[in-house]
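Notes for the one structure printed next.
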C-alpha cells in the first residue's frame, strides 16, 4: 500500500517527483497522480491524468 | 486611526454528504433535471481537485467532516473494494481537508458541517460556502443559529451545486476555463472509447 497518493500539478512538484514528471515530458499545468511508496528511500510514481480528474478517477477505479 | 487592515476572505467550500454521493456517481442520470445537477456537481468536484492540486501543501480549499467523508467512502467502496477503488478514495481524501476532531466527530452529520462553517467564518480569514443539494439544509442552518438567538441570520452562503457553479466560475475564471477544457477532453475520450467498442 502506498504511503501517500494525491493529485498535483506538475509545476508544484519538486525533487525526485519532478524528475519523474520530466521523464514523461509533461507540461507544468498537467495534472498527475503522485504515488509515494517507501522502499528504504521514498519512491515516486507519476501518472498523468487524462481529461477531467473526476472522470479519469472513476474510469481508473473500474479498470 | 485604525491600523488594522482588512484582508479579503478566502473562499472555502464546505461539503455536505449530498455533494459526494452525487458528484462521484458512476452512472450519468437519465432525468434531465438530475443531469443538470450532476453536470454542475462534476464541474465543482473537478474545480476542487484542480485548485487543491496547485495549492501549497497545507492550504485548504474544500473541507468536510469525518462523518460525511466516511459515509460517502463506505458506500463508494462497498463490501470488497479493489485496490484502485481504495486509491480513488485516498486521492479524494487528499484533495480536501477531512476534519477529524473529537468535538466535531461527536456531532450529527448536519451539525458537524454547520459547526465547521461557523468556525471558519468566525476566524475571519475564510468565506465559507456550504454546498448542499438538500432543500432542508437551509432550515437546519436557521434552526442551528436561532437556538441561541431567534433573530440570528446565517452568516454565509448555502448554495446548491447549480447555484455554486456560476459563483465559482466568477471567482475562479482562469481555473474554470482549464476545468472546462479538461471535461471536454474527457468527454471526447469517452466518446471515442464507445465508438471503438
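Quick note: the coordinates plus some simple rules give every number you see, no bench work behind them. Owing to the predicted nature of the structure, the values given are computational and were not obtained by experimental measurement. In this analysis, Cβ positions are derived from the backbone assuming ideal geometry, glycine residues included, and neighbour counts consider all displayed protein chains.
The table for this structure:
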| item | result |
| --- | --- |
| Selected residue [assigned to a helix (DSSP H, G or I), closer than 16 Å to residue A:58 by Cβ, facing another protein chain (nearest Cβ under 10 Å) and in contact (Cβ under 8 Å) with a residue 60 or more places away in the chain] from B:92, B:85 | B:92 |
| Which numbered condition residue B:27 fails, given (1) within 14 Å of chain A (Cβ to nearest Cβ); (2) in a loop (DSSP other than H, G, I, E, B); (3) over 13 Å from the mean Cα position of the chain (by Cα); (4) in contact (Cβ under 8 Å) with a residue 24 or more places away in the chain | (4) |
| Of all residues making up the range B:60-77, the number that are free of Cβ contacts under 8 Å to residues at least 24 places away in the same chain and within 11 Å of chain A (Cβ to nearest Cβ) | 1 |
| Number of the condition not met by residue B:145 [criteria: (1) crowded, with 16+ Cβ neighbours inside 10 Å; (2) under 22 Å from residue B:50 (Cα atoms); (3) more than 18 Å from the chain's Cα centre (by Cα)] | (2) |
| Answer from B:12, B:49 - the residue that is within 20 Å of residue B:160 (Cα to Cα), more than 14 Å from chain A (Cβ to nearest Cβ) and either touching a residue at least 12 places away in the same chain (Cβ under 8 Å) or surrounded by 22 or more Cβ atoms within 10 Å (Cβ to Cβ) (or both) | B:12 |
| All positions within the range B:98-131 that are part of a strand (DSSP E or B) and crowded, with 18+ Cβ neighbours inside 10 Å | B:98, B:99, B:126, B:128, B:129, B:130, B:131 |
| Strands (runs of 3 or more DSSP E) enclosed by chain A - at least 3 residues per element that are more than 7 Å from every other protein chain (Cβ to nearest Cβ) and without any contact (Cβ under 8 Å) to a residue 40 or more places away in the chain | A:31-39, A:41-48 |
